[in-house]
Amino acid sequence: MSELTVQASKRALTTKGAVNQLRRDGNIPGIYYTKSVEPIPIYIAERVLKPLVYTAETHIINLKIDDNEERKSIVKNIQFDPVTDRVVHFDLLGISADEEIELEAQVLLTGQAKGVREGGIIQHTLHKVMVSCLPGDIPEHITIDISDLAVGNSVHIRDLKIDKVKFVQNPDQIIVSVVMPRAVVEPTPAAEVPGEEKTEPEVIAKGKVTDEEEE
């Protein structure tokens with residue numbers, strides 16, 4: 001498990017306008033919290049936060065708030081703008097070396113499933129799984145080799161085995177499977193009866209009635 005040192009600054013809980021100004025200045029507001037202390041409102045430069053968010057790996061963060069002592073933490077929650085997909089808020093959870101924590105670990109697939117060569121397609125259902133472990137045992141990511149997956153085969157939560165790591169989701173949940181693509185059914189044109197003449201629909205003309213029609 002890799003560790004990164006991150007510099008943060010304490011902020012006041014103020015108005016929405018002040019928070020928006022922080023974002024315009026290139027910073028992201030957030031909260032640091034742990035069991036032992038009151039939550040601390042902080043902000044981190046967006047360029048510093050991005051590598052912690054847009055990654056497939058889980059990091060332990062050595063958080064320094066206003067150059068004080070380092071506090072070990074992990075990213076617990078990230079909020080994104082629904083339009084721009086930009087990070088707008090984050091939560092950092094303080095951790096202790098001797099206390100288990102629950103967190104999401106990214107799932108990465110390796111290999112080419114033999115079922116794909118048989119005409120199947122990969123369905124990657126779960127991209128993250130919830131695990132429980134001590135901070136020192138946090139996996140950077142969960143790697144699954146799908147080379148032996150044939151059509152109809154799946155990998156479930158119960159199939160994952162990592163030393164000192166517990167999986168705390170429904171063991172029957174499917175992570176990845178190989179399925180056959182659904183066939184596209186084309187509409188069948190109506191069959192024509194041999195010898196039957198095609199009849200054109202009667203056309204009723206609009207306009208003035210002729211002398212012949214009046215008779």
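Go through segment 114-123 and count every residue that is loosely packed, with under 13 Cβ neighbours inside 10 Å and not in a strand (DSSP E or B).
Qualifying residue count, segment 114-123: 3.
If residue 36 satisfies every condition in (1) within 24 Å of residue 136 (Cβ to Cβ); (2) under 27 Å from the mean Cα position of the chain (by Cα); (3) hydroxyl-bearing (Ser, Thr, Tyr) but one, which is the exception?
(2)
Could you say whether any residue in segment 134-149 is exposed (fewer than 15 other Cβ atoms within 10 Å of the Cβ), at pLDDT 95 or above and among the small types (Gly, Ala, Ser)?
Checking segment 134-149: at least one residue is exposed (fewer than 15 other Cβ atoms within 10 Å of the Cβ), at pLDDT 95 or above and among the small types (Gly, Ala, Ser).
Suppose we filter segment 75-103 for residues that are more than 18 Å from the chain's Cα centre (by Cα) and aliphatic (A, V, I, L, M); how many remain?
Counting residues in segment 75-103 that are more than 18 Å from the chain's Cα centre (by Cα) and aliphatic (A, V, I, L, M) gives 5.
State all residues of segment 124-133 that are among the β-branched types (Val, Ile, Thr) and loosely packed, with under 15 Cβ neighbours inside 10 Å; if no residue qualifies, say none.
Residues of segment 124-133 among the β-branched types (Val, Ile, Thr): 125, 129, 131.
Listed by number, the list holds a single entry, 125.
Taking segment 124-138, which residues are under 30 Å from residue 71 (Cβ atoms) and outside any strand (DSSP E or B)?
127, 134, 135, 136, 137, 138
What's the total number of residues in segment 8-21 that are within 27 Å of the chain's Cα centre (by Cα) and closer than 10 Å to residue 64 by Cα? Before the answer, list the steps.
Here is the first cut: in segment 8-21, the residues within 27 Å of the chain's Cα centre (by Cα) are 8, 19-20.
Still in the running and closer than 10 Å to residue 64 by Cα: 8.
Of the residues in that region, 1 qualify.
Residue 114: under 30 Å from residue 151 (Cα atoms) and over 21 Å from the mean Cα position of the chain (by Cα), yes or no?
Here the answer is yes, as residue 114 does meet what is asked.
The values are calculated or read from the model by the stated rules, or taken from the named source; none is laboratory data. Only a predicted model underlies this, so the values are computations on that prediction, with no experimental measurement involved. Note: ideal-geometry Cβ built from the backbone for every residue, glycine included; neighbour counts use all protein chains shown.
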